Amino acid sequence: MVGDCMRVKVLSIVVLVLVLLCIAPSVVYGEEVLKVKDAYGEVVEIKVPVKSIVTLAPGIAEAIWFLGAEDELVGVTRFCNWPSELVELIKVGEVKVIGGIVDPNIEEIIALKPDLVIATTMTPRDVVAKLRELGVKVLVLPHPTSIEDIVDQIRLIARITGRVEYGNKLCGVLEKLCGVLSNVTSERPRVRVYFELWYGPIWTVGGANYMNDVIELAGGVNIFGDTNTAYVSTSDEEVIKRNPEVIVLCRGMGYRFTPRDVVERPGWGNIDAVKGLRVYVLEGPALDALYRYPSPRVVLAALYLLAYFHPELTCDVYARLIRELVGATFNATVLGEKVTSLRQEVERIKEVYSGKVSELEKQLGELRTRLEKEVKIREELQKEAQFWQLLAIVMVVVLVLLVVVALARRRRS
């Protein structure tokens, strides 16, 4: 009887152990094996924490830096230009530049022998396939459809680098920033916004895009937010029909159109944004912040847009954000430094953009004045041309009459 009880206990313990093994993460020699389905449906098995990483997108490198895992970075693209600490690591050769996002140097990547390459869908699929053929483990992050997706990607990178605690705290900071912005802008009416990524043909931001969230966070509503795609190709007529109150031109990656170009487009003069001189350009650090997913800086892009959408709220929001960031050190040295960098970036944005809106409005006002003068000159020239045309017609008619009279007299004689 006692023997049977012992057998039952032993069997129960064995079953319990087997169940725990089934539900627990895979472990190989003390390392957790993380299984992640990437943007292309490929299940990538990653032994974490990863010790050496090559990134094929600057936003991923920034996220790794924010998590305090820059020591694991061995290769980045030539587009990594922030923060200054990461740029310095590149300058001294501790982190190698391995080419671009779409044209990375495969030989240099292989020479670095990374445990993992992290890319986005911006990197061509054939490049990813080539790396995998050569035995390089590649994880391709999908294009985020929301700010929540970006936060999830930061948490994933935190898990990959063994910085789960920092990742949770950093995401907590971002959620606080979003909360401050959301609370302030929710008290104001939302402005209709058109985001121009390209013209000829027109490409803009759709509803299934994290940039749509950034627009809403800044107190705007994307006029193409009702679509279910990340990007939308549309027409001049459709933009005019949807009548945005604010137009934002994203000047990067070859886009060089200006507010003047927009004002001069046929029919665009009837748009409220053009009538109200609210055509703005997003470029430099502001555009970098917007495009650098999954970097925490994406949230700061909303600050730039806030200056365009609701300039009257800007000072109050900056003050609140800086207060939040000053108190968000968590007594963690590494994260404290990163949060301080975020605060410094907010202060820099405040300094740079405090007079930006009035300056742009002044420039647009001058542009409108010049255009009005040009219109008046054209109207005067047109009137003058019409006068001379009419005079020419009268002269021709008179000449014809004189010829007719002369012929009539000749016949009589």
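Read-outs: derived from the displayed coordinates by stated rules, not from any lab. Computed from a predicted model, the values in this text were never measured in an experiment. As a convention, Cβ positions derive from the backbone with ideal geometry for all residues, glycine included, and neighbour counts pool all protein chains shown.
How large is the charge dipole for the range 240-303, taken about the Cα centre, if only the Cβ atoms of Lys, Arg (+1) and Asp, Glu (-1) carry charge, to the nearest 20 debye?
Details: 10 positive and 6 negative charges, 19 e Å.
In total the dipole reaches around 100 debye.
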List every residue whose amide H lies under 5 Å from the amide H of LYS47, counting only residues 5 or more places away in sequence or on a different chain, with H placed 1.01 Å from N in the peptide plane. LEU34
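With an 8 Å cut-off on Cα pairs and a minimum separation of 6 or more residues, tell me the relative contact order of the range 219-295 in percent.
Numbers: 64 pairs, mean separation 24.9, N = 77.
So the answer I get is 32 percent.
From the square roots a ≥ b ≥ c of the eigenvalues of the alpha-carbon gyration tensor of the range 25-142, which class results: rounded (a/c under 1.5), prolate (a/b over b/c), or oblate?
Values: a/c = 1.70, a/b = 1.25, b/c = 1.36.
Oblate, because a/c is 1.5 or more while a/b does not exceed b/c.
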Between GLU45 and VAL164, the FRET efficiency computed from the C-beta separation at R0 = 22 Å comes out, to the nearest 0.05, as 0.75
Quick one: Karplus J couplings for the range 240-253, per residue in order, coefficients 6.51, -1.76, 1.60, θ = phi - 60°, nearest Hz, x for Gly and Pro? 4, 5, 7, 6, x, 8, 9, 10, 10, 9, 8, 8, x, 6
I want the local charge near THR77. Using Cβ-Cβ distances under 11 Å, sum +1 for each Lys or Arg and -1 for each Asp or Glu among the other residues. +1
Run the simple label-point estimate for LYS35 and ILE202 please: 7 Å along Cα→C-beta, distance reported in nm. 4.7 nm
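Go ahead and run the numbers for FRET between LYS137 and ARG320, Cβ-Cβ distance against an R0 of 30 Å, rounding to 0.05.
Numbers: r = 43 Å, r/R0 = 1.42.
With R0 = 30 Å, the Cβ-Cβ based efficiency is 0.10.
Given axes a ≥ b ≥ c from the Cα gyration tensor, I'd like to know whether the range 109-220 is rounded (a/c under 1.5), prolate (a/b larger than b/c) or oblate.
Numbers: a/c = 4.37, a/b = 1.46, b/c = 2.99.
Cα axes put the range 109-220 in the oblate bin.
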Provide the per-residue ³J(HN,Hα) series for the range 59-68, in order, calculated from phi with Karplus coefficients 6.51, -1.76, 1.60 and θ = phi - 60°, each as a whole number of Hz, with x at glycine and proline positions. x, 5, 4, 5, 4, 5, 5, 4, 7, x
In debye to the nearest 20, how big a dipole does the range 25-142 give about its Cα centre with +1 on each Lys and Arg Cβ and -1 on each Asp and Glu Cβ? 280 debye
Evaluate the distance, in nm, between pseudo-label points positioned 7 Å from the Cα of ASN105 and of PHE387 along their respective Cα→Cβ axes. 6.9 nm
For the range 121-257, what is the charge dipole size about the Cα centre, in debye to the nearest 20, if Lys and Arg each add +1 at the Cβ and Asp and Glu each add -1 at the Cβ? 500 debye
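Multiplying the sequence separation of SER52 and GLU85 by 0.36 nm and subtracting their Cα-Cα distance, what value in nm do you get? Can you show the working numbers first?
Details: separation 33, 0.36 × 33 = 11.88 nm, distance 1.84 nm.
Here the answer is 10.0 nm.
In the structure displayed, which of LYS37/LYS137; LYS96/LYS137; LYS275/LYS383; LYS91/LYS176 lie more than 23 Å apart, Cα to Cα?
Details: LYS37/LYS137 13 Å; LYS96/LYS137 18 Å; LYS275/LYS383 26 Å; LYS91/LYS176 34 Å.
Over 23 Å Cα-Cα: LYS275/LYS383; LYS91/LYS176.
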